[in-house]
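A.B. asks: This is the structure I want to talk about, given as structure tokens.
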Amino acid sequence: MEQVKTEVCAGESAGAFVFQSRPNLSLTRPQERLVFWSLAALCFATAIGFAWLGYWLILPFAGLEIGLLAWAFKALRSREGDYESLVIEGDVVVLEWHRGKHGARRELNRQWARVECNCRTPGRNCRLSLCSHGHATEVGQYLNDEARLQLAAVLRSRLQG
Amino acid sequence: MSDAAHAHDDHGHGHPSGVMRWLTTTNHKDIGTLYLFFALIMLFVAGSMALLIRAELFQPGLQLTNPDFFNQLTTMHGLIMIFGVIMPAFSGFANWQVPLMLGAPDMAFPRMNNWAFWVLPVAGLLLMGSFWLPGGAVAGGWTMYPPLFIQGGISYDLTILAVHIMGLSSIMGSINIVTTILNMRAPGLTLMKMPLFCWTWLITAYLLIATMPVLAGAVTMLLTDRNFGTHFFNAAGGGDPVMFQHIFWFFAHPEVYILILPAFGIVSQVIPTFARKPLFGYASMVYATASIAILSFIVWAHHMFTVGMPAAAQLFFMFSTMLIAVPTGVKVFNWVATMWKGSMTFETPMLFAIAFVCLFTIGGFSGLVLAIAPVDIQLHDTYYVVAHFHYVLVSGALFSIFAGIYYWLPKWTGHMYDETLGKWHFWLSVIGMNIVFFPMHFLGLAGMPRRIPDYALQFTEFNQIATVGAFIFGFSQLIFLIVVLKTIKGGAKATDRVWEGAEGLEWTLPSPAPYHTFETAPVVK
């Protein structure tokens with residue numbers, strides 16, 4: 001399950017239709033630094049204190065654990081740049097997405113682009129894709145079913161217009 | 001947005017079924033359910049051991065067990081109740097409730113969440129399986145003190161491995177909870193607007209991360225002392241067994257709060273709902289929880305006054321321990337103030353929450369008695385200590401778990417539980433629990449030592465009363481099992497909000513909560 005995207009914006013910009021969404025990330029850098037460094041300081045201070053008394057085997061476990069915590073925060077940070085955007089301008093539909101280390105951009109011809117919305121059950125578990133030339137690109141992954149269905153309706157009307 | 005080819009990785013759209021659903025699930029609700037069922041099974045396993053212990057103690061002499069098996073039972077009862085019941089149960093609540101309360105779709109690291117659960121049954125099997133090994137299960141007490149823990153058989157090695165695995169599970173779970181709470185709160189849900197249950201779990205997870213390396217290091221040093229010729233704690237080789245106690249309690253006193261802080265969180269959700277008033281002194285509750293956590297790092301040696309330490313150290317640990325009563329008192333005051341002039345109703349979750357406040361306070365007071373160094377030297381390793389920590393962990397932690405289950409079960413299952421059976425469960429539990437553990441105060445004050453299968457004749461009556469209470473309490477848990485199974489199977493349809501006074505994001509969802517929730521985060525005003 002991916003992060004929820006709540007920063008969704010859709011509207012007109014200089015005649016173009018623009019849809020953008022970003023993840024909802026509530027962790028601020030100061031919070032992250034406070035939690036990580038306070039835990040690291042506490043763990044290592046304890047481990048070094050006991051190591052000083054000769055009980056050094058706590059130290060490697062503290063290192064492993066803080067390493068895992070650092071990895072977790074790094075993984076969260078890697079999601080900071082995630083976004084998806086869809087722009088319909090003239091005859092061109094531009095899709096852009098970025099997730100973790102992966103990102104891509106795809107341009108479609110508006111006349112050929114087709115909206116596909118498949119729901120496993122009526123109105124539920126829906127997948128929204130823009131298809132063209134036998135290739136489908138999923139859109140609105142971060143939305144819930146209701147918002148995805150609304151986006152599908154908007155896209156259909158925009159692509160027809 | 002992604003290419004369809006990439007999108008196949010996204011497992012959020014299907015609803016898997018069968019055994020594989022449970023083995024491979026990354027859904028926080030499934031994993032929460034797994035934790036809760038694991039805890040329930042372990043509750044009956046470790047509870048059965050408790051009944052065997054109490055049956056043996058019904059009268060002086062040896063009836064059912066031999067002393068070694070009795071020690072195995074007490075050790076395993078403690079280890080399983082702490083690591084197999086209370087901690088997994090609270091992890092189950094965290095898995096179910098934290099994302100729902102925060103408006104998040106799942107935990108921050110769902111796969112790690114799956115691993116964190118599935119290593120637990122392995123540890124449980126290692127612990128339980130050791131009963132069938134040569135020499136039987138560990139019998140040195142849940143505190144794993146050397147020299148007993150250095151001298152035991154193969155089961156001691158397995159227990160060390162099991163403790164490592166449970167620690168790994170706790171670390172993975174804690175990192176997940178910290179990152180989820182910090183990073184996945186709905187827009188507008190600032191830290192000081194979070195439900196108190198999330199706050200208590202944030203602080204609990206912080207404590208777990210801070211202390212788990214100490215436990216891992218301590219048991220690894222036991223392992224190397226046993227198998228690799230080191231002498232960290234082996235007095236025969238110049239090691240210091242007392243140092244193990246310092247290291248162990250440096251972990252285990254915060255662990256005590258790890259076992260009780262989520263209980264504070266649950267009760268802080270339940271009481272305002274049934275008092276139909278907001279929680280009194282929310283900010284002070286947060287600061288009190290944080291204060292308890294901070295103080296938990298500087299009180300460890302109150303568990304070991306009898307090993308001998310300078311008077312200054314005794315005074316320091318005595319006063320620092322007493323200091324914990326201040327933030328705890330703030331909490332109790334706030335719960336009572338929340339109820340004060342509230343439009344209270346007494347459904348089962350509220351009954352358990354009220355019992356928690358009253359009985360946990362008794363456990364807290366007996367803790368204050370034990371904090372007094374000269375008194376503790378008299379009462380150390382007596383049944384007074386057993387009474388104290390059972391008032392904290394049974395009427396504290398376990399009763400809060402019952403309160404939480406009754407409170408959120410309708411949201412989880414979509415059905416109302418049987419209120420009549422719930423009340424039977426409550427009254428039998430609360431009466432049974434007090435019959436078991438209250439007389440133990442008198443036994444301890446009279447000098448009856450803990451962890452013995454036989455005792456002097458003068459202790460017989462109180463032991464008999466305690467045993468009768470234990471069977472009432474133990475068998476009343478079957479009612480709880482029936483209530484849970486009955487509610488899962490069917491019952492009156494629960495409304496979305498379930499309780500009239502319930503506030504929070506989880507109550508905005510349908511009952512039962514859909515498999516996927518908050519795919520788009522709500523905005524909290």
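A.B. asks: Output the qualifying pairs, or none if there are none: Cβ atoms under 7 angstrom, residues six or more apart or on different chains, first residue in region A:136-161 and within 17 Å of A:Val92 (Cβ to Cβ) and assigned by TED's automatic domain parsing to the domain that holds A:Glu96, second residue of a type in the set (A, V, I, L, M, F, W, C) and surrounded by fewer than 19 Cβ atoms within 10 Å (Cβ to Cβ).
C.D. replies: A:Thr137/B:Ala4
A.B. asks: Then there's this: State which residue is surrounded by the fewest Cβ atoms within 10 Å (Cβ to Cβ) when the search covers only region A:116-161 and only residues that are modelled with pLDDT of 85 or more and facing chain B (nearest Cβ under 7 Å).
C.D. replies: Out of the qualifying residues, it is A:Ala136.
A.B. asks: Within region B:164-180, which residues are at the interface with chain A (Cβ under 10 Å from one of its Cβ atoms) and of a type outside the set (S, T, N, Q)?
C.D. replies: B:His164, B:Gly167, B:Leu168, B:Ile171, B:Met172, B:Ile175, B:Val178
A.B. asks: From the list B:Gln97, B:Gln72, exactly one residue is more than 14 Å from chain A (Cβ to nearest Cβ), farther than 27 Å from B:Leu126 by Cα and modelled with pLDDT of 95 or more. Which is it? Spell out the reasoning first.
C.D. replies: Details: B:Gln72 fails: farther than 27 Å from B:Leu126 by Cα.
Only one candidate qualifies: B:Gln97.
A.B. asks: Still on this structure, please answer the following. Only residues that are surrounded by 15 or more Cβ atoms within 10 Å (Cβ to Cβ) and within 17 Å of B:Asp454 (Cα to Cα): list them for region B:60-84, please. Reasoning before the result, please.
C.D. replies: We begin by selecting, within region B:60-84, every residue surrounded by 15 or more Cβ atoms within 10 Å (Cβ to Cβ); these are B:60, B:65, B:69-84.
Matches in region B:60-84: B:Pro60, B:Thr65, B:Phe69, B:Phe70, B:Asn71, B:Gln72, B:Leu73, B:Thr74, B:Thr75.
A.B. asks: Mind listing whichever residues of region A:77-105 are more than 8 Å from chain B (Cβ to nearest Cβ), touching a Ser or Thr at 6+ places or on another chain (Cβ under 8 Å) and charged (D, E, K, R)?
C.D. replies: Selection gives A:Lys101 alone.
A.B. asks: List every residue pair whose Cβ atoms lie under 7 Å apart, where the two residues are 6 or more positions apart in sequence or sit on different chains, the first residue falls within region A:33-48 and is farther than 18 Å from A:Ala75 by Cα, and the second residue, located anywhere, is not in a helix (DSSP H, G or I).
C.D. replies: Short answer, once both residue conditions are applied: none.
A.B. asks: Return a yes/no flag: does region A:59-76 have any residue that is more than 9 Å from chain B (Cβ to nearest Cβ) and within 16 Å of the chain's Cα centre (by Cα).
C.D. replies: Yes, some residue in region A:59-76 is more than 9 Å from chain B (Cβ to nearest Cβ) and within 16 Å of the chain's Cα centre (by Cα).
A.B. asks: Here is a follow-up. Which condition does B:Gly474 not pass, out of (1) at pLDDT 95 or above; (2) more than 30 Å from B:Val45 (Cα to Cα), if it passes all the others?
C.D. replies: (2)
A.B. asks: Name the helices (runs of 4 or more DSSP H) wholly within region B:332-415 that hold at least 2 residues that are within 17 Å of the chain's Cα centre (by Cα) and hydrophobic (A, V, I, L, M, F, W, C)?
C.D. replies: Details: elements: B:348-371, B:373-379, B:383-392, B:399-413.
Because the criterion is at least 2 residues that are within 17 Å of the chain's Cα centre (by Cα) and hydrophobic (A, V, I, L, M, F, W, C), the helices (runs of 4 or more DSSP H) in region B:332-415 that meet it are B:348-371, B:383-392, B:399-413.
A.B. asks: Those residues that are assigned to a helix (DSSP H, G or I) and either within 10 Å of chain A (Cβ to nearest Cβ) or of a type in the set (Gly, Ala, Ser) (or both), I need them from region B:181-206; list them, please.
C.D. replies: Residues of region B:181-206 that are assigned to a helix (DSSP H, G or I), as a first pass: B:181-183, B:191-193, B:196-206.
B:Ile181, B:Leu182, B:Asn183, B:Leu191, B:Leu202, B:Ala205, B:Tyr206 - these are the residues of region B:181-206 that are assigned to a helix (DSSP H, G or I) and either within 10 Å of chain A (Cβ to nearest Cβ) or of a type in the set (Gly, Ala, Ser) (or both).
A.B. asks: May I ask you to list the residues in region A:41-50 that are within 9 Å of chain B (Cβ to nearest Cβ), closer than 22 Å to B:Val242 by Cβ and hydrophobic (A, V, I, L, M, F, W, C)?
C.D. replies: If the condition is that a residue be within 9 Å of chain B (Cβ to nearest Cβ), closer than 22 Å to B:Val242 by Cβ and hydrophobic (A, V, I, L, M, F, W, C), then A:Ala47, A:Phe50 are the ones that fit.
A.B. asks: Separate question: Residues in region B:212-222: is at least one surrounded by fewer than 22 Cβ atoms within 10 Å (Cβ to Cβ) and more than 30 Å from B:Gly281 (Cβ to Cβ)?
C.D. replies: So the first thing to find is which residues in region B:212-222 are surrounded by fewer than 22 Cβ atoms within 10 Å (Cβ to Cβ), and the list is B:220.
Adding the requirement that they be more than 30 Å from B:Gly281 (Cβ to Cβ) leaves B:220.
Yes, there is a match, as at least one residue in region B:212-222 is surrounded by fewer than 22 Cβ atoms within 10 Å (Cβ to Cβ) and more than 30 Å from B:Gly281 (Cβ to Cβ).
A.B. asks: Among the residues of region B:478-525, which ones are in a loop (DSSP other than H, G, I, E, B), in contact with a His (Cβ under 7 Å, 6 or more places away or on another chain) and either surrounded by fewer than 20 Cβ atoms within 10 Å (Cβ to Cβ) or within 14 Å of another protein chain (Cβ to nearest Cβ) (or both)? Let's see the steps before the verdict.
C.D. replies: Let us first name the residues in region B:478-525 that are in a loop (DSSP other than H, G, I, E, B), namely B:490-492, B:494-504, B:509-525.
Still in the running and in contact with a His (Cβ under 7 Å, 6 or more places away or on another chain): B:490-492, B:494, B:515.
Answer for region B:478-525, where residues must be in a loop (DSSP other than H, G, I, E, B), in contact with a His (Cβ under 7 Å, 6 or more places away or on another chain) and either surrounded by fewer than 20 Cβ atoms within 10 Å (Cβ to Cβ) or within 14 Å of another protein chain (Cβ to nearest Cβ) (or both): B:Gly490, B:Gly491, B:Ala492, B:Tyr515.
A.B. asks: Let me ask you something else. So which residues in region B:224-238 are within 13 Å of another protein chain (Cβ to nearest Cβ) and either surrounded by fewer than 17 Cβ atoms within 10 Å (Cβ to Cβ) or without any contact (Cβ under 8 Å) to a residue 24 or more places away in the chain (or both)?
C.D. replies: Passing the criteria: B:Thr224, B:Phe228, B:Thr230, B:His231, B:Phe232, B:Gly237, B:Gly238.
A.B. asks: Inside region B:64-166, counting only helices (runs of 4 or more DSSP H) that do not spill past its ends, which hold 1 or more residues that are within 23 Å of the chain's Cα centre (by Cα)? Write out each step before concluding.
C.D. replies: Numbers: elements: B:67-79, B:87-102, B:110-129, B:148-151.
In region B:64-166, the matching helices (runs of 4 or more DSSP H) lie at B:67-79, B:87-102, B:110-129.
A.B. asks: Ok, one more. Quick one: which strands (runs of 3 or more DSSP E) lie wholly within region A:55-153 and hold at least 2 residues that are of a type in the set (S, T, N, Q)? Before the answer, list the steps.
C.D. replies: Working: elements: A:83-89, A:92-99, A:102-109, A:114-121, A:124-132, A:135-139.
Here the list reads A:114-121, A:124-132.
The values are calculated or read from the model by the stated rules, or taken from the named source; none is laboratory data. Source: prediction; values computed, not measured. Methodologically, a virtual Cβ is constructed for each residue, glycine included, from the backbone with ideal geometry; neighbour enumeration extends over all protein chains shown.
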